[in-house]
Amino acid sequence: MRPASRRSRAAALALCCTLFALITWQVAAHGPLRRADERLGRAVFRDAPDALTQPLADLGSMTVALPVLAAAVAWTLWRGRRWRPALATVLAMAAVPALVIPLKVWIARPGPLEPGTGWYPSGHTATAMVAYCGAALLVTPYLRRRWATPVAVVLTVATGIGLVLRGYHWPLDVLGSWCLFGVVLLVLNSTGMQRSSARTPTG
């Protein structure tokens, strides 16, 4: 990697870590950012029809996102036998429950419209981000045009929007997941992906 690329990745990593720490602190401490978040959430919940927002929210479910990632892993192993990035992506997906569940228990944030606690950070958002962006990182070396990453970003953002508008999560639940797993994906892309893809010709 060129020095400029390393600096930009380091800056992105630092930004994600800083934002995640700030958001988590504000949510846990009932700070002003959390109060503003809840006002915003109440203003937008159920503004869009459920027929639109429910399918978007479902993009983050295991039944939808995991098959996409599994197909990308299988394609990578079959096409190029790139086991290292495939394994790294699987481990990134395994990190979703390993990181999200303890944070949900610790923060114990009440849900917007559902009873109980444990809504921060959003597990559906994390699942969508790792599955779609991880799949894009795996298949991009074999594509003539780099369309996979923009599609993955659109699907990830659409999932977060659907979760908020449907009333499943507060906006900061989604933003916190994006920051946390932005760190995971940046580390993933700067290690096994780069070393392997550098030897893989674009088909």
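Residue count for the range 3-41 satisfying the condition of being polar (S, T, N, Q) and within 21 Å of Trp119 (Cα to Cα): 3.
Among the residues that make up the range 74-84, is at least one of them crowded, with 19+ Cβ neighbours inside 10 Å and under 15 Å from the mean Cα position of the chain (by Cα)?
Step one: list which residues in the range 74-84 are crowded, with 19+ Cβ neighbours inside 10 Å, which gives 76, 80, 82.
Filter once more, keeping what is under 15 Å from the mean Cα position of the chain (by Cα): none.
No, there is no match, as no residue in the range 74-84 is crowded, with 19+ Cβ neighbours inside 10 Å and under 15 Å from the mean Cα position of the chain (by Cα).
Please pick out the residue among Leu33, Leu87 that is surrounded by fewer than 16 Cβ atoms within 10 Å (Cβ to Cβ), of a type in the set (A, V, I, L, M, F, W, C), modelled with pLDDT under 95 and in a helix (DSSP H, G or I). Outline the logic, then answer.
On the way: Leu33 fails: modelled with pLDDT under 95.
Just a single option satisfies the conditions, and that option is Leu87.
Selection of the range 36-55 for residues being open to solvent by less than 50 Å² (accessible area, probe 1.4 Å) and either within 21 Å of the chain's Cα centre (by Cα) or charged (D, E, K, R) (or both) yields Asp37, Glu38, Gly41, Thr53, Gln54. Checked against the criterion of being in contact (Cβ under 8 Å) with a residue 24 or more places away in the chain and under 21 Å from Ala128 (Cβ atoms), the candidates Val44, Val64, Val90 yield just one match: Val44.
Per-residue answers, yes or no, for (1) touching a Ser or Thr at 6+ places or on another chain (Cβ under 8 Å); (2) closer than 23 Å to Ala48 by Cα:
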site	(1), (2)
Pro112	no, yes
Met129	yes, yes
Gly134	yes, no
Val139	yes, no
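Taken residue by residue, the range 42-58 has at least one member that is under 21 Å from Thr117 (Cβ atoms) and outside any loop (DSSP other than H, G, I, E, B). With respect to being within 30 Å of Leu143 (Cα to Cα), open to solvent by less than 40 Å² (accessible area, probe 1.4 Å) and at pLDDT 95 or above, Ser61 fits the description.
Would you confirm, using the coordinates I've provided, whether Gly162 is at pLDDT 95 or above and either assigned to a loop (DSSP other than H, G, I, E, B) or open to solvent by less than 40 Å² (accessible area, probe 1.4 Å) (or both)? Before the answer, list the steps.
Working: at pLDDT 95 or above: yes; either assigned to a loop (DSSP other than H, G, I, E, B) or open to solvent by less than 40 Å² (accessible area, probe 1.4 Å) (or both): yes.
Here the answer is yes, as Gly162 does meet what is asked.
The number of residues in the range 136-147 that are open to solvent by 10 Å² or more (accessible area, probe 1.4 Å) and assigned to a helix (DSSP H, G or I) comes to 5. Close Cβ contacts (under 6 Å, 6 or more residues apart or on different chains) running from residues in the range 161-189 that are closer than 21 Å to His30 by Cβ to residues that are of a type in the set (D, E, K, R) and at pLDDT 95 or above comprise Trp170/Asp37; Pro171/Asp37; Leu172/Asp37.
Selection of the range 169-203 for residues being modelled with pLDDT of 95 or more and open to solvent by 40 Å² or more (accessible area, probe 1.4 Å) yields Leu175, Trp178. Scanning the range 107-120 for residues that are within 22 Å of Gly182 (Cα to Cα) and in a helix (DSSP H, G or I) turns up at least one hit.
Filter the range 90-115 down to the residues that are closer than 14 Å to Trp170 by Cα and not basic (Lys, Arg), then identify the one that is most open to solvent (accessible area, probe 1.4 Å). Talk me through it step by step, then tell me what you get.
We begin by selecting, within the range 90-115, every residue closer than 14 Å to Trp170 by Cα; these are 104, 107-115.
Of the ones still in play, those that are also not basic (Lys, Arg) are 107-108, 110-115.
Details: Ile107: 19, Ala108: 39, Pro110: 62, Gly111: 11, Pro112: 27, Leu113: 92, Glu114: 86, Pro115: 112 Å².
Of everything passing the filter in the range 90-115, Pro115 is most open to solvent (accessible area, probe 1.4 Å).
Considering the range 121-134 alone, what residues qualify as being open to solvent by less than 10 Å² (accessible area, probe 1.4 Å) and assigned to a helix (DSSP H, G or I)?
Initial filter on the range 121-134 (open to solvent by less than 10 Å² (accessible area, probe 1.4 Å)): 121-122, 125-128, 130-131, 134.
Those that are open to solvent by less than 10 Å² (accessible area, probe 1.4 Å) and assigned to a helix (DSSP H, G or I): Thr125, Ala126, Thr127, Ala128, Val130, Ala131, Gly134.
Condition first: over 23 Å from the mean Cα position of the chain (by Cα) and free of Cβ contacts under 8 Å to residues at least 12 places away in the same chain. Now tell me which residues in the range 1-35 satisfy that. I'd like the intermediate steps shown before the answer.
We begin by selecting, within the range 1-35, every residue over 23 Å from the mean Cα position of the chain (by Cα); these are 1-4, 29-32, 35.
Listed by number, the residues that qualify are Arg2, Pro3, Ala4, Ala29, His30, Gly31, Pro32, Arg35.
The values are calculated or read from the model by the stated rules, or taken from the named source; none is laboratory data. Note that the structure is a prediction, hence the values are computed from the model and not measured. FYI the Cβ positions are ideal-geometry reconstructions off the backbone, even for glycines, and counts take in every protein chain you see. Just so you know, the surface numbers come from the protein's heavy atoms only, side chains and all, with ligands and any DNA or RNA stripped out. Shrake-Rupley method; radii C 1.70, N 1.55, O 1.52, S 1.80 Å.
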